[in-house]
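K.L.:
Here it is, the structure, as structure tokens.
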Amino acid sequence: MSTFRTFSGKFLSKLENAKFVEADVKPQLVYNEAKGKSFWRPPRLSRRIQADLRKACIQEGIEPTSIGLLPKTAPKPLRYKPNKLEKHERTRAERQATIQRNMEKMPQTIQAWKEEKLKELAKQKSSMPF
């Protein structure tokens, strides 16, 4: 939300004969042949001055794109990123599923344990009758 500003006459006089080119309002990728490298050249008008020019144009009834300013971009949607949580909270569902599977196998596990114990006791039992 922008507030109403009063611009100076000097600033408003720039609007009357202003024709900006792309290099004035956008950063340019420039290739330096001597070094064989590319670099970004900043725009001649900063974003702040561009915003002031846009507001002044709107106040004066001039279309901002008619003097070479870029059209206003739509705001990007906010990205939702859930909290990381603690490890025991992140792995809770997997742990509960493992517990549930183990509980379903529990009668067979208990039966196998009992049989194993009986075999061990049978081994320890002496073959002598007394």
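K.L.:
Over what distance in Å are the Cα centres of region 5-39 and region 57-130 separated?
P.N.:
Cα centres, region 5-39 to region 57-130: 52 Å.
K.L.:
Please list, in chain and number order, the residues 5+ apart from GLY68 or on another chain whose amide H is under 5 Å from its amide H, with Hs placed from the backbone.
P.N.:
PHE20
K.L.:
I'd like the carbon and sulfur percentage of the solvent accessible area for the chain, probe radius 1.4 Å, heavy atoms only, ligands and nucleic acids excluded.
P.N.:
Values: 6820 of 12170 Å².
Solvent-exposed carbon and sulfur of the chain make up 56 percent of the total.
K.L.:
Exceeding 28 Å between C-alpha atoms, which entries from my cross-link table qualify? They are LYS19/LYS72; LYS26/LYS81; LYS26/LYS55. It would help to have the intermediate numbers written out before the result.
P.N.:
Numbers: LYS19/LYS72 17 Å; LYS26/LYS81 31 Å; LYS26/LYS55 18 Å.
The pairs that break the limit, which is 28 Å between Cα atoms, are LYS26/LYS81.
K.L.:
Quick one: net charge of TRP113's neighbours, Cβ under 15 Å, K/R +1, D/E -1? It would help to have the intermediate numbers written out before the result.
P.N.:
Details: positive: LYS105, LYS114, LYS117, LYS119; negative: GLU115, GLU116, GLU120.
Neighbourhood net charge equals +1.
K.L.:
Using the heavy atoms of the protein chains alone and a 1.4 angstrom probe, what is the accessible area of the chain per residue in square angstrom? Kindly include the intermediate steps, with their values, before the conclusion.
P.N.:
Details: 12170 Å² over 130 residues.
Result: 94 Å² of accessible area for each residue.
K.L.:
For n ≥ 4 DSSP H runs only, could you compute -39500 (n - 2.57) per run for the chain, divide by its residues and tell me the 222 nm figure to the nearest 500?
P.N.:
Taking each H run of at least 4 residues, the total per residue is -15000 deg cm²/dmol.
K.L.:
If the elastic network links every pair of Cα atoms under 10 Å, which of ILE49, ILE58, ILE99 fluctuates the most in the Gaussian network model of the chain?
P.N.:
Per the Cα network of the chain with a 10 Å cutoff, ILE99 tops the list.
K.L.:
Let me ask something additional. For the chain, take the longest principal axis of its alpha carbons; what is the angle in degrees between that and the long axis of helix 92-124, to the nearest 10 within 0 to 90?
P.N.:
Roughly 20 degrees between the two axes.
K.L.:
Hey, if you put +1 on the Cβ of every Lys and Arg and -1 on every Asp and Glu Cβ in the chain, which of THR98, PRO71, CYS57 ends up farthest toward the positive end of that dipole?
P.N.:
THR98
K.L.:
Using a Förster radius of 35 Å, what is the FRET efficiency between PHE11 and GLU89 based on their Cβ-Cβ separation? Nearest 0.05, please. Spell out each step's value before the answer.
P.N.:
Details: r = 56 Å, r/R0 = 1.60.
Approximately 0.05, to the nearest 0.05.
K.L.:
A further question follows. Suppose we keep just the alpha-carbon trace of the chain; what are its Rg and Dmax in angstrom?
P.N.:
Expressed in Å, the Cα Rg and Dmax of the chain come to 38.4, 122.
K.L.:
So, counting K/R as plus one and D/E as minus one, what does the shell of residues with Cβ under 13 Å around GLY68 add up to?
P.N.:
Working: positive: LYS14, LYS19, LYS26, ARG44, ARG54; negative: GLU22, ASP24, GLU63.
Charge balance in the 13 Å sphere: +2.
K.L.:
Region 65-109: which trypsin sites (Lys or Arg not before Pro) are DSSP loop and have at most 11 other beta-carbon atoms within 10 angstrom? Please list the in-between numbers first.
P.N.:
Numbers: sites: LYS72, ARG79, LYS84, LYS87, ARG90, ARG92, ARG95, ARG101, LYS105; in loops: LYS72, ARG79, LYS84.
Taking region 65-109 and a limit of 11 other Cβ atoms within 10 Å, the loop trypsin sites (Lys or Arg not before Pro) found are LYS72, ARG79, LYS84.
The values are calculated or read from the model by the stated rules, or taken from the named source; none is laboratory data. This structure is a prediction, so every number in the text was calculated from the model and none was measured. Cβ sites come from the backbone with ideal geometry, for glycine too, and all protein chains shown count toward neighbours. Protein only, heavy atoms only, side chains kept; ligands, DNA and RNA dropped before computing areas. Shrake-Rupley method; radii C 1.70, N 1.55, O 1.52, S 1.80 Å.
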